[in-house]
Amino acid sequence: MIIVPFDATDLSIGNYLWLPLGAVVMSYLLYGYKVFPGVFIAYILATVILKGSWDAISIYSYMGRLISSLAPLAAIMTMNAFHVSNFFDGEKINFKNIVFLIFLSSLLSTLAKFFVYPINPETITNPVLFIQSYLLGDMIGGIVFVYIVVKLLPQLVKTRL
């Protein structure tokens, strides 16, 4: 219920509290890249459930879900290349690196979707608003989800360290 007021029906105005990015980031951090098929299938099934049928989904929606699934992996690989990927220090969680991972994931996801989705009045009416809302929603939702998981389920996180 808390997400409903932040949601918009217009595609160019994204959800300002997009929690799935945080779920994807945490799943990759806890279980590794091998959960990619499950993440992608979950995104597709959620889209089918929300849209109502397979016929209501366009190819751009599938590509957007693929981008949403791959962006955190690309961000983790980028952070590994620059040696900034120690997300867990012993028994402690390095929250600043996880926040940077969320920022980088949301940036990669938003920019990739901006270049994949066609810019026309049916999909992206205002490019600036599209980038602003998608980027902000991914960042806020990702941070909120990760914080809640770390605080409410610390044993899950500690057993995976």
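The values are calculated or read from the model by the stated rules, or taken from the named source; none is laboratory data. All of these numbers come straight from a predicted model, not from anything done at the bench. Backbone-built Cβ (ideal geometry, glycine too); neighbour counts: all protein chains shown.
Those residues that are closer than 18 Å to ASN97 by Cβ, in contact (Cβ under 8 Å) with a residue 24 or more places away in the chain and assigned to a helix (DSSP H, G or I), I need them from the range 149-161; list them, please. It would help to see each step written out before you state the result.
Taking the range 149-161 and keeping what is closer than 18 Å to ASN97 by Cβ, we get 149-151, 154, 157-158, 160-161.
Those still in the list that are in contact (Cβ under 8 Å) with a residue 24 or more places away in the chain too: 149-150, 157-158, 160-161.
Result: VAL149, VAL150, VAL157, LYS158, ARG160.
Residue pairs whose Cβ atoms lie under 9 Å apart, separated by 6 or more positions or on different chains, with the first residue in the range 30-44 and closer than 21 Å to VAL150 by Cα and the second assigned to a helix (DSSP H, G or I) and hydroxyl-bearing (Ser, Thr, Tyr), are VAL35/SER27; VAL35/TYR28; VAL39/SER27; VAL39/TYR28; VAL39/SER68; VAL39/SER69.
For the range 120-148, the candidate set comprises residues that are exposed (fewer than 14 other Cβ atoms within 10 Å of the Cβ) and of a type in the set (A, V, I, L, M); within that set, the residue that is nearest to ILE102 (Cα to Cα) is ILE148.
This table checks each residue for (1) within 17 Å of the chain's Cα centre (by Cα); (2) within 18 Å of VAL146 (Cα to Cα); (3) of a type in the set (A, V, I, L, M, F, W, C); (4) surrounded by 18 or more Cβ atoms within 10 Å (Cβ to Cβ).
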site: ALA46; (1), (2), (3), (4): yes, no, yes, no
site: ILE49; (1), (2), (3), (4): no, no, yes, no
site: SER53; (1), (2), (3), (4): no, no, no, no
site: SER58; (1), (2), (3), (4): no, no, no, no
site: LEU66; (1), (2), (3), (4): yes, no, yes, no
site: SER69; (1), (2), (3), (4): yes, yes, no, yes
site: VAL84; (1), (2), (3), (4): no, no, yes, no
site: ASP89; (1), (2), (3), (4): no, yes, no, no
site: LYS96; (1), (2), (3), (4): no, yes, no, no
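Within the range 60-75, residues that are touching a residue at least 60 places away in the same chain (Cβ under 8 Å) have Cβ atoms under 7 Å from residues that are crowded, with 20+ Cβ neighbours inside 10 Å in these pairs: TYR60/TYR117, counting only partners at least 6 apart in sequence or on another chain.
In the range 91-115, the residues that are of a type in the set (Asp, Glu) and at pLDDT below 95 reach residues that are part of a helix (DSSP H, G or I) and surrounded by fewer than 17 Cβ atoms within 10 Å (Cβ to Cβ) with C-beta atoms within less than 7 angstrom, at least six apart or across chains, in these pairs: GLU91/LYS158.
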